[in-house]
Every structure is written in C-alpha cells, then in structure tokens.
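Here's the structure, in structure tokens; my notes come after.
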Protein chains: 2
Amino acid sequence: MSEVHGYTDVEKQRVLLNDHQERHFMSSDVVRDVIIGVSDGLTVPFALAAGLSGADVPSSIILVAGIAEVAAGSISMGLGGYLAAKSEADHYERELKREQQEIITVPDIEAAEVADILAQYGAEPHEYGPVVSALQRNPRAWVDFMMKFELGLEKPDPKRALWSALTIALSYIVGGMVPLVPYMAIPMASHAVGASVALTLVALLVFGFVKGHYTGNQPFKSALQTALIGAVASAAAYSIAKVVKP
Amino acid sequence: MSEVHGYTDVEKQRVLLNDHQERHFMSSDVVRDVIIGVSDGLTVPFALAAGLSGADVPSSIILVAGIAEVAAGSISMGLGGYLAAKSEADHYERELKREQQEIITVPDIEAAEVADILAQYGAEPHEYGPVVSALQRNPRAWVDFMMKFELGLEKPDPKRALWSALTIALSYIVGGMVPLVPYMAIPMASHAVGASVALTLVALLVFGFVKGHYTGNQPFKSALQTALIGAVASAAAYSIAKVVKP
C-alpha cells in the first residue's frame, strides 16, 4: 500500500506541482481570434482583388469591391462568432440543468456513468468506488465532473463572446486592408495587382511565421502554408474571373 | 461501505448504462462543417453583391466579383480548415509524446497531477489514491487520462481534416451561389439586387431554422439571428460602397 500512501501526502503533492513548470503550450483565446481574423482577412479580399484584376476591372471598382468585402466579411465573422459563442453558452446551461436534474432523478445511472468513465482507464471497481462515493457526497462537484468528463464541455466565459467578436472583426479589417492599399495608390489595376500580390505574400509569410511561433508549430512551415493558401485562393479567383469576365 | 459496494457491482452498472438513453445533444461534425460553410457562403457573397449594387456597378461585374469571392472564400475556408485540423493533429501528437515521456521521467509529478485533478472534485486522498495507483499500473491509460483530463485534448480523427475541408468548401459554394442567381438573370444591378435580397433572406431564414433544429437551439430564434447577420452585413457593405463608390 506504499504507493497509495504516497498520494495521501498532500503537502508533498503541492510541492511537486509547484516545482513543475507547465511546459505544455496553451494558445490564448485572444491569439486564436486574431489568427482567425487576420488569416481570412489577408486571404479573401486579396484573392477577390486579384481575381477582379484578371477580369480587367478598373482599380476604383476593385477598391469598392474589396472594401465592401472587408465590411461584409468582418461583420459576418464577428457577428457570426458572437452568436455562435452565445449559443454555445446556452447549450452549456441547458446541459448543466439536465445533469443537475439527472443526479437527483436518476442518481444510480449517473453514478454508473462515473464508474464507467473511470473503468475505461483500467481502474477496478474497488479502486474507483470511493471516488464515486466522494462525488455523491458533493452534488456540485459531481455535476462539474459529468459536464467535463462525460460531455467534454467547459464552462464558457460570459464576457468572451463580445470580445471575441470584436477581436475577430478588427483583425479581419486590418488583414483585409493590406492587399487593397496598392489599388488606392495605383489607378491601373493591371499595375496595382503586382504590388498587391507582392505586399500580401510578404504579409502572409510574416503572419504565418508569427502564427507558427504562437501556436507552437514550426514557424517556417507555417509561413509557407499560410502563403500557399493565399496564393491558391487568388490564383483560383483570378482564373475563374478571367473565364467569366463580362 | 454499502454505497462503495454498490459500484463494485459491474453487472448492475452495465444494465443501468444500457437502459439509460443518452438524451444529450451531440451535433455531428459533418453538420457543423455544413453549417460553417453555408452560413458564411450565404452571407458574404450576398453582402458583397448588395454592396456593389449600391455603387452602381453593372450586374456582369457584380457576378464576376461574386464568383471570384466564392472561389476565394471556399478555398480559404476549406484549405484553412484543412491545415488547422492538420496542425491540431500535430499538436496532439507532440503533447502525447511529452506526456509519454513525463510519466517515465517525472512519474511522481504526473501522479500528483492526477491526484490534484481528482481532489478538485472534492475527493479525499484516501479515496483517489487507489485510482492514482490504478493509472500507475497502466501507463497507456495513464497517458490517455492526462491527455483528456489535464490537457482537455481529444484524439483527432486523421481522415477528418480532408473531409472537413471538402464539406466546408462545397457548402460555401452552394450557399454563395444563391444570392448570385438573380444577377445572372437580370442585367440591371439595381433590379437584380431586390430579387437577390429577397431570395437570400428567405434562404437565410430557412437555413437558420434548420440550423437551430440540428444544433438544439430554438429554430425560430436561430432563423431570425441568421437572417439578421446577413441583413447587417449587406446593409454595411451597401452603405460603405455608396460612400466610396468610384
């Protein structure tokens, strides 16, 4: 029983945990939102502008189309993200109420579910039994346990929906303006497109590198992949616009 | 000890679990991908086309811009989704290797982490101790436990990245073509825009209703919210295009 005894030593456990630097990478939610917004913002307005250049549309109209796209895209992504986060929070609340009811109305089934979860990790009934009993003593902890381990749901932060929406929308606007700058300065679309492609590819490479760094992926691979998406999307838009041009 | 004994009765536990119909809503991944693609596809090309109509651009150019946007958007979302899923899978593999190493190099710390997780749910050291020991006996289950309960990571399906990308891209194309149909039939953009708005708002309401049904939200609320995003995005694009029109 010596190993069991080892983990009754709460003091030792604290010291061990405090000494252990958590080295797992956890990308912050804000970084994720910025990445979502900038990725799409750099790619879609860029490809749209390049595509319209392929159809011999003047810079002035490309600029209007690009700005309209940035407005539509940032609102669609921001508002869409906001409502998705809200409905996720609603979903969490509904499931929470259901679990709260189930541990009252069908406690035996809920206890069996806890047992089943722990048994999946190779614990024997006499080993997980006491943990099941501990949860039965603490209905609040029991519900939390079911939410996380049975349903895999994390409690959403109520303030996050709004901030997430604004972060994504703003990042989309920032990313989306990069490829449009050359069309503001150069009236001939066939000249502006070259500058836009060069500027945006550099921006995609830099952004992909930074993204790789923050998400714990290889920065160079991430830079190339991000630029590749932009290049493929704009090449496709360019070819299609050439074919269907008025 | 009678309650502990209750959960040593594995047969009873099986029967209870089999009798219990799982009523929690789980949206399938395919449904989620279709929703992502159609939502954005119905909204952004729609708003772009409405915006360009506000700038007195002819239907033929609006159609080219819309089709270029659908091409760019579907590739950006599809390829972006594919690479995101791939990098998530890479992330999982890296963390898995790290956990596998940690239970060999710092087993005491990893055991203390398990203890800490179970203690958060109100279990006492003598209650969770045996579960910690059970995990120490089964290194593979121990690693799985850490991946899910410490890091909250689920093993990604290796085939999903590609299917998810194709589903999102195709859904974006289907959604994106709806608002463009009137511009194919009606040469005057100022006439086509009315038909496009009417057609797309109906499509957004229907789609929002179906989405609400499948995601376990109130269908009518979902229908109105989905149409609202489209309306706000297109109104913004329209106003901005009117201001910056060439």
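The values are calculated or read from the model by the stated rules, or taken from the named source; none is laboratory data. The shown structure was predicted, so the numbers you read here are calculated from the model rather than taken from an experiment. Here Cβ is always computed from backbone atoms with ideal geometry, including for glycine, and neighbour counts include all displayed protein chains. Ligands, DNA and RNA are excluded from the accessible area calculation, which covers all protein heavy atoms including side chains. Shrake-Rupley method; radii C 1.70, N 1.55, O 1.52, S 1.80 Å.
Can you pull out the residues in the range B:187-200 that are surrounded by fewer than 19 Cβ atoms within 10 Å (Cβ to Cβ) and either in contact with a Phe, Trp or Tyr (Cβ under 7 Å, 6 or more places away or on another chain) or part of a helix (DSSP H, G or I) (or both)? Lay out the reasoning, then the answer.
Of all residues in the range B:187-200, those surrounded by fewer than 19 Cβ atoms within 10 Å (Cβ to Cβ) come to B:187-188, B:190-191, B:194-195, B:198-199.
Matches in the range B:187-200: B:Ser190, B:His191, B:Gly194, B:Ala195, B:Ala198, B:Leu199.
Based on this model, can you work out whether B:Ile103 counts as more than 32 Å from the chain's Cα centre (by Cα) and either more than 9 Å from chain A (Cβ to nearest Cβ) or open to solvent by 30 Å² or more (accessible area, probe 1.4 Å) (or both)? Yes; evaluated as a whole, the condition is true for this residue. Of all the criteria given as (1) open to solvent by less than 50 Å² (accessible area, probe 1.4 Å); (2) in a helix (DSSP H, G or I); (3) at pLDDT 60 or above; (4) among the hydrophobic types (A, V, I, L, M, F, W, C), the one not satisfied by A:Val57 is (2). I need a count of the residues in the range A:44-59 that are more than 7 Å from chain B (Cβ to nearest Cβ) and under 21 Å from the mean Cα position of the chain (by Cα). The qualifying residues number 1. Within the range B:60-90, being free of Cβ contacts under 8 Å to residues at least 12 places away in the same chain and more than 17 Å from the chain's Cα centre (by Cα) holds for B:Ile61, B:Val64, B:Ala68, B:Ala71, B:Ala72, B:Asp90. Of everything listed in (1) more than 21 Å from the chain's Cα centre (by Cα); (2) in a helix (DSSP H, G or I); (3) surrounded by 18 or more Cβ atoms within 10 Å (Cβ to Cβ), the single unmet condition for A:Met184 is (3).
Every residue, every condition in (1) at the interface with chain B (Cβ under 9 Å from one of its Cβ atoms); (2) in a helix (DSSP H, G or I); (3) more than 30 Å from B:Ile61 (Cα to Cα), yes or no:
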| position | (1), (2), (3) |
| --- | --- |
| A:Ile61 | yes, yes, no |
| A:Ala65 | yes, yes, no |
| A:Val70 | yes, yes, no |
| A:Gly78 | no, yes, no |
| A:His91 | yes, yes, yes |
| A:Glu99 | yes, yes, yes |
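Filtered by the rule that a residue be crowded, with 18+ Cβ neighbours inside 10 Å, at the interface with chain A (Cβ under 7 Å from one of its Cβ atoms) and of a type in the set (A, V, I, L, M, F, W, C), the range B:133-148 gives B:Ala134, B:Leu135, B:Phe145. Of the residues A:Val64, A:Val106, A:Val70, A:Val114, the single one that is of a type in the set (Val, Ile, Thr) and touching an Asp or Glu at 6+ places or on another chain (Cβ under 9 Å) is A:Val114. Once the range B:206-227 is narrowed to residues that are open to solvent by less than 40 Å² (accessible area, probe 1.4 Å) and either outside any helix (DSSP H, G or I) or of a type in the set (Val, Ile, Thr) (or both), the residue that is farthest from B:Ser196 (Cα to Cα) is B:Gly216. Would you confirm, using the coordinates I've provided, whether B:Lys242 is part of a helix (DSSP H, G or I) and farther than 18 Å from B:Gly54 by Cα? It is false that B:Lys242 is part of a helix (DSSP H, G or I) and farther than 18 Å from B:Gly54 by Cα. For A:Gly37, state whether it is open to solvent by less than 20 Å² (accessible area, probe 1.4 Å), more than 7 Å from chain B (Cβ to nearest Cβ) and modelled with pLDDT under 90. Against the criterion (open to solvent by less than 20 Å² (accessible area, probe 1.4 Å), more than 7 Å from chain B (Cβ to nearest Cβ) and modelled with pLDDT under 90), A:Gly37 qualifies.
Sort out which residues of the range B:106-115 are part of a helix (DSSP H, G or I) and either open to solvent by 10 Å² or more (accessible area, probe 1.4 Å) or within 7 Å of chain A (Cβ to nearest Cβ) (or both), and write them in order of number.
So the first thing to find is which residues in the range B:106-115 are part of a helix (DSSP H, G or I), and the list is B:107-115.
Matches in the range B:106-115: B:Pro107, B:Asp108, B:Ile109, B:Ala111, B:Ala112, B:Glu113, B:Ala115.
Within the range B:178-198, the set of residues being farther than 18 Å from A:Ser76 by Cα, in contact (Cβ under 8 Å) with a residue 12 or more places away in the chain and among the hydrophobic types (A, V, I, L, M, F, W, C) comprises B:Val181, B:Met184, B:Ile186, B:Met188, B:Ala189, B:Ala192, B:Val193, B:Ala195. Those residues that are in a helix (DSSP H, G or I) and basic (Lys, Arg), I need them from the range B:133-161; list them, please. Correct list: B:Arg137, B:Arg140, B:Lys148, B:Arg160.
Conditions tested, residue by residue: (1) modelled with pLDDT under 85; (2) closer than 19 Å to B:Asp33 by Cα; (3) more than 7 Å from chain A (Cβ to nearest Cβ).
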| site | (1), (2), (3) |
| --- | --- |
| B:Leu151 | yes, no, no |
| B:Trp163 | no, yes, yes |
| B:Ile168 | no, yes, yes |
| B:Met184 | no, no, yes |
| B:Ser190 | no, no, yes |
| B:Thr215 | yes, yes, no |
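For the range B:116-132, the set of residues classified as open to solvent by 10 Å² or more (accessible area, probe 1.4 Å) and assigned to a helix (DSSP H, G or I) consists of B:Asp116, B:Ile117, B:Ala119, B:Pro125, B:His126, B:Glu127, B:Pro130, listed by residue number.
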